[in-house]
Amino acid sequence: MQMLKNAILSKGKAINRDVLLVDSFLNHQVDVELMRHVGDAFAAYFAGRGITRVITIESSGIAPATFTALALGLPLVIMKKQTSRIMTGDLLQTTVRSFTKGTSYELTVKRQFLNPGEKVLLIDDFLASGEAAFGVLHLAREAGVQVAGVGIVIEKAFQAGHQRLVDAGIDVYSLARVKSMSENCIEFVD
Ligand code: 5GP
């Protein structure tokens, strides 16, 4: 998606060879016009597959997932990274290791938002090692829900996540695939 690649090149900043900062348009300040195009691109690719819900992980996946859900006319479910006193009832939970923070969190969702037999689409901001996506796959399996695909805004193609998901039989659609990056150069696949 050229508009997204342009934003990455002009506003993104690789702080080292592994971590890309995109906080001026994706996960702190949000370019909503760009997110509208992102949502439309995911909706066009995943339309017609009988998907019943869009799923994301708080907080950076919320903006692209919202526009995707809007374009598909579907509800959005936000998986939580921490529980609270008001998060009660029948919960599904799994531990995920965070790539950016180097720590772990409890990915949590209320079972009532994942009904057995449903087909869901996972949308997230980044794909790195795939730990977050596999956490969602794990909870979906526990709920008896099929993950019909994974839509990623920025994939770091030099990390293992994409191949791990493909090996698990998942259709992964990434709008920008970064081949390599350093402080002064970001290269894309293709
Ligand atoms: P994974 O679980 O695939 O290793 O990492 C995916 C999650 O880590 C994403 O949801 C994203 O929030 C975060 N993440 C991974 N790599 C980056 C990165 O280079 N930049 C930013 N801003 N977040 C990242």
Would you confirm whether any residue within the stretch 136-145 is closer than 20 Å to Ile15 by Cβ and within 12 Å of the ligand (Cβ to nearest atom)?
no
For the stretch 148-175: of the residues being polar (S, T, N, Q) and surrounded by fewer than 20 Cβ atoms within 10 Å (Cβ to Cβ), which is nearest to the ligand (Cβ to nearest atom)?
Gln159
Inspect the stretch 70-92 for any residue being within 16 Å of the ligand (Cβ to nearest atom) and hydroxyl-bearing (Ser, Thr, Tyr) and give the result as yes or no.
no
Within the stretch 57-92, which residues are within 22 Å of His28 (Cβ to Cβ), in a loop (DSSP other than H, G, I, E, B) and small (Gly, Ala, Ser)?
Ser59, Ser60, Gly61
Take the residues of the stretch 97-134 that are within 7 Å of the ligand (Cβ to nearest atom) and buried (at least 21 other Cβ atoms within 10 Å of the Cβ): which is nearest to Arg53 (Cα to Cα)?
Asp124
Of Ile51, Ile8, the only residue that is over 16 Å from Leu74 (Cβ atoms), among the hydrophobic types (A, V, I, L, M, F, W, C) and crowded, with 16+ Cβ neighbours inside 10 Å is Ile8
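Condition first: of a type in the set (Asp, Glu) and crowded, with 18+ Cβ neighbours inside 10 Å. Now tell me which residues in the stretch 11-33 satisfy that. Outline the logic, then answer.
Pass one, the stretch 11-33, residues of a type in the set (Asp, Glu): 18, 23, 31, 33.
Asp31, the sole residue that qualifies.
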Would you pick out the residues in the stretch 1-56 that are within 11 Å of the ligand (Cβ to nearest atom) and assigned to a loop (DSSP other than H, G, I, E, B)?
Gly12, Ile15, Asn16, Arg17, Asp18, Val19, Val22, Asp23, Leu26, Asn27, His28
Give the stretch 78-94 a look and list any residue that's free of Cβ contacts under 8 Å to residues at least 40 places away in the same chain and of a type outside the set (Lys, Arg), or say none.
Ile78, Gln82, Thr83, Ser84, Ile86, Met87, Thr88, Gly89, Asp90, Leu91
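For Val145, state whether it is crowded, with 18+ Cβ neighbours inside 10 Å and within 17 Å of the chain's Cα centre (by Cα). It would help to see each step written out before you state the result.
Details: crowded, with 18+ Cβ neighbours inside 10 Å: yes; within 17 Å of the chain's Cα centre (by Cα): no.
When the stated conditions are applied, Val145 does not pass them.
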For the stretch 133-190, how many residues meet the condition of being closer than 26 Å to Ala44 by Cα and assigned to a strand (DSSP E or B)?
21
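FYI, it's all coordinate maths here, none of it is from the lab. A quick note: this is a predicted structure, and the numbers were derived from the prediction, not measured. Glycine gets a Cβ as well: all are built from the backbone with ideal geometry, and neighbour counts include every protein chain shown.
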